[in-house]
Every structure is written in C-alpha cells, then in structure tokens.
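The values are calculated or read from the model by the stated rules, or taken from the named source; none is laboratory data. Only a predicted model underlies this, so the values are computations on that prediction, with no experimental measurement involved. Using ideal geometry, Cβ is built from the backbone for each residue, glycine included, and neighbour counts are taken over all protein chains shown.
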Amino acid sequence: MTKALPCINTQQKAAKIISKDQQPLMIMHKKKILIPLPHYGCDPSEVAIPWLLLNEKKFEVTFITPDGKIAITDEIMLTGKSLGLLKPILQARHDAVVAYRQMEKSPAFNNPLKYIDVSADDFDGLLLPGGHDKGVKEYLESKILQKLVVDFFNENKPVAAVCHGVLIPARSIDTKTNKSVIHHYKCTGLLKRQELTAYNLTRLWLGDYYLTYPQTTTEDELTSALACKTQFIEGNFPLLRDDLHNLSRGHVVRDRNYLSARWPGDIYRFSLEFIDMLTD
C-alpha cells in the first residue's frame, strides 16, 4: 500500500500561496498547465475557479477540446435554470459564475487546441474538471485523454481531478501494468451518496440529469479501479462549500503526483493544493 503525502494545513496553505506572491515569479510564470474540456457540459465552478487562481499566479493555461472548438459549460449549473427551489443549493455559486464570465473572455479559453494536438512533454501539470451532463461522456471516455494521463503519470507530473473528472485517471490504463494509473493511489471523488441525493431530489423533472451513467456511480467505478477500496477517502459529508476564507470545508486527497477532490464545494482547497504541487 502506498502512503499518501499529507495535505498542508489549510491556514498555512493560504499563507504560503500569498507569500509566494511577494517572491519573483521567474519560475511560476513559465509553468504551463493543460485543462481538457468536453464540447459541452463542464461544470463552471470546477473549471473557472482553478483557472482564476492559476491565472492570478501567472501560470500559462492551455485549454483543449475534442475538435478545437470553444467549450460550452453546463447551462443548468451556470444559470440555475430548471433547478426550481433547489437553485440556491445546486447552482454554481456567484463567485464561480463571475469567474466563468471572466474566463470565457480570455484568449486561452477562446483559442483551444484539439485533444490530439498536445503532448505531456509540453506541460507541467494537468487539471481535469468534472461535470455530470451527458455531454461530458466524450471527455470522460476519450482514449486520447486517457493516453495523455498515462504520459503525465509516467513523467511524474502533477495531475489533478475533481468530481467526475476522476474517472479519466481511473480509466487510464498503463500498458506496462495493464492497470489504472491510480491503482495504487489514495484518492477521493464524487461520493455515491452525493450523486444519488442530487438525482433523487430532481428526478421528477430532470430525469437522470444527475446520473451521467445511470447504471453505476462515480464512486463505484472509481473504487473498482483501485487495488483496495480503503484507498478511497471520502472525508466528512459535504454540507458547505469552501472558499478562500474557509478552506477547511474542502476535502482533497494528495498522493505523490495525484490530487483529487469530490465536488465544487472543494474547489478552492483543490486549486490551492494544485498550485502548491506545481510550485514545490
């Protein structure tokens, strides 16, 4: 069993990231981060908040999509349309919406490359957002992205995945072992009870919108890729979303070069932990 590296104290983390702002950015501004997206359905919080914090720290972010066309987020999550009385709970929070509107005006977001046109050799880190609309399947099931993930792991470069995004590393098979690249890693991901709760609360009018794969759950598939189910660390039940002033609400698992989180409520801690991995 491999041993996960401990996440740094959340208060120390915020101070550490801030202190780096006061240092020369000669190294940080050269770091290149790759963010793949589906054509439609990415979660706005899980792409925009990491982009915002990476951008503030002068990282160079490159987006890729299946065909090189601009990605479109999940409009239900962005606007709250069709969520009814559950809109205040389920919709992307205001800060994430603002970050998304800022991101969609950026040159990087408006000039994505194709999945097929990039190599792990050209980047320092890989970030895999989630999303549960059925449109994310082309992203989650992409053999090109799975090969890319294997290359990042083989080069021991930081890989971060959140929510449904964790399915990509789980499905990325290293041909040397014929097992998932995270087979011996500790990790987390969207909890089964989170996924089923959202589905049961909305199924009367949204159908299986919250079940990307109705026949299974993210947690079930993820744990099936692990050597032992105890490698999956679910953390406390997520009730409140984190932010820069409440990082302890977020839950992440960091094991060597791999970072994972469960849902948009972990996104600030997830983003700062990823930045810490990139700047160590």
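Could you tell me which numbered condition TYR209 fails, if it satisfies all but one of (1) modelled with pLDDT of 95 or more; (2) in contact with a Lys or Arg (Cβ under 9 Å, 6 or more places away or on another chain); (3) more than 22 Å from PRO38 (Cα to Cα); (4) not hydrophobic (A, V, I, L, M, F, W, C)?
(3)
Residue check, ALA96 against (1) within 23 Å of GLY265 (Cβ to Cβ); (2) not in a helix (DSSP H, G or I), all met but one. Which one?
(2)
Restricting to the range 149-204, give me the number of residues that are surrounded by fewer than 16 Cβ atoms within 10 Å (Cβ to Cβ) and either of a type in the set (Phe, Trp, Tyr) or on the phi > 0 side of the Ramachandran plot (or both).
Here the count works out to 2.
Which of the residues belonging to the range 236-271 are hydrophobic (A, V, I, L, M, F, W, C) and either touching a Phe, Trp or Tyr at 6+ places or on another chain (Cβ under 9 Å) or over 18 Å from GLY130 (Cβ atoms) (or both)?
PHE237, LEU239, LEU240, LEU244, LEU247, VAL252, VAL253, LEU259, ALA261
Considering each of LYS81, LYS58 in turn, give the residue that is in a loop (DSSP other than H, G, I, E, B) and within 28 Å of ASN156 (Cα to Cα).
Only one candidate qualifies: LYS58.
Take the residues in the range 227-257 that are within 28 Å of ALA120 (Cα to Cα) and of a type in the set (Lys, Arg); name whichever of them is nearest to the chain's Cα centre (by Cα).
Only one residue fits best here, namely ARG254.
One line per residue, one yes/no per condition, for (1) hydroxyl-bearing (Ser, Thr, Tyr); (2) without any contact (Cβ under 8 Å) to a residue 24 or more places away in the chain; (3) out of contact with any Cys (no Cβ under 6 Å at 6 or more places or on another chain):
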{"position": "HIS245", "(1), (2), (3)": "no, yes, yes"}
{"position": "TRP263", "(1), (2), (3)": "no, no, no"}
{"position": "ARG269", "(1), (2), (3)": "no, no, yes"}
{"position": "PHE274", "(1), (2), (3)": "no, no, yes"}
{"position": "ASP280", "(1), (2), (3)": "no, yes, yes"}
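Residues in the range 258-280 that are in a strand (DSSP E or B) and over 15 Å from the mean Cα position of the chain (by Cα): how many?
Residues in the range 258-280 being in a strand (DSSP E or B) and over 15 Å from the mean Cα position of the chain (by Cα): 0 in total.
Working only within the range 211-243, note down all residues that are among the aliphatic types (A, V, I, L, M) and touching a residue at least 40 places away in the same chain (Cβ under 8 Å).
Listed by number, the residues that qualify are LEU211, LEU222, ALA225, LEU226, ALA227, ILE233.
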